[in-house]
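Peer 1: Pasting in a structure now, in structure tokens, and then I'll have a few things to ask.
The values are calculated or read from the model by the stated rules, or taken from the named source; none is laboratory data. Bear in mind that the values here come from a model prediction, so they are computed numbers and not experimental data. For neighbour counting, all protein chains shown are included, and Cβ atoms are generated from backbone atoms with ideal geometry for every residue, glycine included. The accessibility values were calculated without ligands, DNA or RNA, using every heavy atom of the protein model including side chains. Shrake-Rupley method; radii C 1.70, N 1.55, O 1.52, S 1.80 Å.
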Amino acid sequence: RALIKKTELVNTRQTAIYRILSKIVAAQKEYFRTDQDSDLRPLTQQMLARELGVHRSTIHRAVEGRVLQTPSGELKPVKSLLPGLKRCAQSFIGKLAPARRADLSDEALRSLLIERCGIKMARRTVCAYRQGIKEEQGRIQ
């Protein structure tokens, strides 16, 4: 009886991991196609937990320490495929050519984020991210 119970628990865990990974792959299909970090879509552990109807800690335990092989053969930590809004927005703003970024107003950049990435945020937040990227690039040069 104990062996049957353990087998059922292992089966339940494998099913949960499969469901989690399936959702991640479906949400990040563009990233897997291009292998560009700027193509990652915002997907947090909390958002994934809501979609699957489980607690966030279940997602955390399932992805912690696990890696996924991308189509290009690279091993990526599963956690890195769950970027938050901030990381996605900063990546998108950073990938824009500096000249193009300078030409766009904060409001235009905000509209571009909504259109291309589905990320809604305040104009002031976009401004802060842009300033942070400028400072970062200034330190690198």
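Peer 1: Which residue pairs have Cβ atoms under 6 Å apart, sit 6 or more places apart or on different chains, and have a first residue in region 44-58 that is in contact (Cβ under 8 Å) with a residue 24 or more places away in the chain and a second that is part of a helix (DSSP H, G or I) and open to solvent by less than 70 Å² (accessible area, probe 1.4 Å)?
Peer 2: From region 44-58, the pairs are Gln45/Ile59; Gln45/His60; Leu48/Ile59.
Peer 1: Something else now. Out of Arg41, Arg123, which single residue is open to solvent by 60 Å² or more (accessible area, probe 1.4 Å) and touching a residue at least 60 places away in the same chain (Cβ under 8 Å)?
Peer 2: Among Arg41, Arg123, only Arg41 is open to solvent by 60 Å² or more (accessible area, probe 1.4 Å) and touching a residue at least 60 places away in the same chain (Cβ under 8 Å).
Peer 1: Applying the selection to region 100-112, what residues are of a type in the set (A, V, I, L, M) and open to solvent by 70 Å² or more (accessible area, probe 1.4 Å)? Please lay out each step first, then the result.
Peer 2: Our first condition is that a residue be of a type in the set (A, V, I, L, M); within region 100-112, this holds for 102, 104, 108-109, 112.
Residue satisfying the conditions is Ala102 alone.
Peer 1: Okay, next question. Would you check if there is a residue in region 59-68 being part of a helix (DSSP H, G or I) and touching a Leu at 6+ places or on another chain (Cβ under 6 Å)?
Peer 2: Looking for residues that are part of a helix (DSSP H, G or I) and touching a Leu at 6+ places or on another chain (Cβ under 6 Å), one finds at least one in region 59-68, hence yes.
Peer 1: So, in region 8-26, of the ones that are touching a helix residue (DSSP H, G or I) at 6+ places or on another chain (Cβ under 9 Å) and under 13 Å from Leu68 (Cβ atoms), which residue ends up surrounded by the most Cβ atoms within 10 Å (Cβ to Cβ)?
Peer 2: It comes out as Ile20.
Peer 1: Then there is this: May I ask you to list the residues in region 27-36 that are assigned to a helix (DSSP H, G or I) and buried (at least 16 other Cβ atoms within 10 Å of the Cβ)?
Peer 2: Ala27, Tyr31, Phe32
Peer 1: So, Ser72, is that one of a type outside the set (Asp, Glu), part of a helix (DSSP H, G or I) and either open to solvent by less than 90 Å² (accessible area, probe 1.4 Å) or in contact (Cβ under 8 Å) with a residue 60 or more places away in the chain (or both) or not?
Peer 2: No: the conditions fail for Ser72.
Peer 1: For residues in region 85-112 being in contact with a helix residue (DSSP H, G or I) (Cβ under 9 Å, 6 or more places away or on another chain) and assigned to a loop (DSSP other than H, G, I, E, B), which is modelled with the highest pLDDT?
Peer 2: Ser105
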